[in-house]
1. Test ALA375 against the criterion of being farther than 20 Å from THR413 by Cβ and crowded, with 24+ Cβ neighbours inside 10 Å, and give yes or no.
2. In segment 139-151, how many residues are of a type in the set (A, V, I, L, M) and open to solvent by less than 10 Å² (accessible area, probe 1.4 Å)?
3. Could you identify the single residue in LEU101, LEU174, LEU106, LEU142 that is closer than 23 Å to ILE252 by Cβ and among the hydrophobic types (A, V, I, L, M, F, W, C)?
4. Which of the residues spanning segment 408-442 are closer than 30 Å to ILE180 by Cα, modelled with pLDDT of 90 or more and open to solvent by 70 Å² or more (accessible area, probe 1.4 Å)?
5. Looking for something under 19 Å from the mean Cα position of the chain (by Cα) and more than 26 Å from VAL412 (Cα to Cα) - is there at least one such residue anywhere in segment 147-155?
6. Can you run down the residue pairs with Cβ atoms below 8 Å, 6 or more apart or on separate chains, where the first is in segment 173-189 and more than 19 Å from ILE393 (Cα to Cα) and assigned to a helix (DSSP H, G or I) and the partner is open to solvent by less than 10 Å² (accessible area, probe 1.4 Å) and acidic (Asp, Glu)?
7. Being part of a helix (DSSP H, G or I) and polar (S, T, N, Q) is the filter; apply it to segment 63-108 and report the residue that is modelled with the lowest pLDDT.
8. Within the group ALA383, ALA429, which residue is assigned to a helix (DSSP H, G or I) and in contact (Cβ under 8 Å) with a residue 60 or more places away in the chain?
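The values are calculated or read from the model by the stated rules, or taken from the named source; none is laboratory data. Keep in mind that this is a model prediction, so the values were computed, not measured. Every residue, glycine among them, receives a Cβ derived from its backbone with ideal geometry; neighbour counts consider all protein chains shown. Side chains are part of the model used for accessible areas, which takes the heavy atoms of the whole protein and leaves out ligands, DNA and RNA. Shrake-Rupley method; radii C 1.70, N 1.55, O 1.52, S 1.80 Å.
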Amino acid sequence: MIMVLNGLHYILSYPDADIVREWNIDEVLHISADVCYALYRYWSITYDDAYMKEKPMTSFAERSSPYSEALRSPSFRNLLIGQGLSMIGDAVCLAALPVALIHAKLNGEVFGVVMAAVGLGTVIGAVTGGLLADRKSPKYTLIATDIARGLAQVAATMLLVLNAPWWGLVLAYLIFGIGIGISRPCAQVLLVNLLPKQALVAGNGAMNFVDNFVAVVFPATVGVMIILWEPAWGILIDGITFFAAALFTALIPDIGTRDFDDKFSMHEVLNGITVITSNSVLLLGFIATLILNVLCFPIFLVVAPYAISDRFSDTMWGFCLAASGAGACIGSVITVLTAGHQHLIRLAVICGGFLCSAMLLLSMGSFVWMVILGAMFVGIVEASWLTGWATAIQILSPEKNLGKVVAVDTFVTSGAHPFIYLGAGVIGATMGYSDTLTLTAIVSAIGIITIAFTAITRKI
């Protein structure tokens, strides 16, 4: 409080009630401590815990504390390092595999069949993985899938070096895809057992950050060097990283098997669907996933390169991929710092707005910065939503059904991707690639608005 007497300024001191002459400056107003003290006095009288938990501002340190809590766990660090190594191998393989097939005089149709085998294997493995993750040790199941994927990549390398028939590659990558499908539910369940709930969003965010960071850096560095040397060795490197991932996963303490009374049946597989449909937040989140991840991101990968090449040079797509990867790194961090999983529907609406903007920038942008910004928005949306969605699944799903919920999510997304890839290419060639991106923006906007309207009317 400031008092003015005869032109002289005085202040009411604290904690004493004395009036003190202020000699240094004309005016002083200190209220920060008063606000804190007033809040404390309010609570000490009312014991209004709900207000104190919900209303106060959260500091940056408090927002970032889940990262610290997650990274303090030695078991999580081993999981992150192991999976990070395999992500590096995957990034190098992504750059090397198509070039290796070209060197082996195998055309694009063979590459398409190989990628289809990976997708089919992922769908098959997702159902099995959901059951194994909830019934067996997710640690040892994850180790087994890492070893199987490593052996599949070693076999693929040998087949390419020996110029073996191409159908051998299809079989190897079918096994590789099955390993992917089984590993995803197991990794999610293992993460839940390693971290407390408040650190799960940071764990998912860290995984997504590493995945997208290596996707930006390694194809353009190690991937290029491997391609210039011998692209088949890039596939071998990927196999070796899976063996390394298995070693780091083996260092994680065993949480044991997860025995439940339910009988092993097809009905049990469908429990994941029941969990999703019985929870309004998970149901709307799953629908948002179909829009943000299943529909729009594959369209970005298939249609955007042609739309951009029509207006710019072919190399512009490489810059867009780098921008998308950088945006993904940003998106995963933002979701952790803002605790986006706690407001999943709001996160879906925000991501939907960014995605619509991204598609419009990519379809109609006439300047370089516009398409780069659009690609970055796509990356932000992908990583931000996947981080929030994975954390919401882990928190809202019953523990005994978590693996099956993840399996349903993997089954639908991986199963739908090949059809979206095919349909996007056909529609893009028919109505024009830029127009297809514009149509995608409109469809996604309608879907997200419907989700928001449903959440408001049902007070979710």
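1. yes
2. Residues flagged as of a type in the set (A, V, I, L, M) and open to solvent by less than 10 Å² (accessible area, probe 1.4 Å) within segment 139-151 amount to 1.
3. LEU142
4. Passing the criteria: none in range.
5. For segment 147-155, residues under 19 Å from the mean Cα position of the chain (by Cα) and more than 26 Å from VAL412 (Cα to Cα): absent.
6. GLY179/ASP146
7. Among those that are part of a helix (DSSP H, G or I) and polar (S, T, N, Q), it is SER64.
8. The unique qualifying residue is ALA383.
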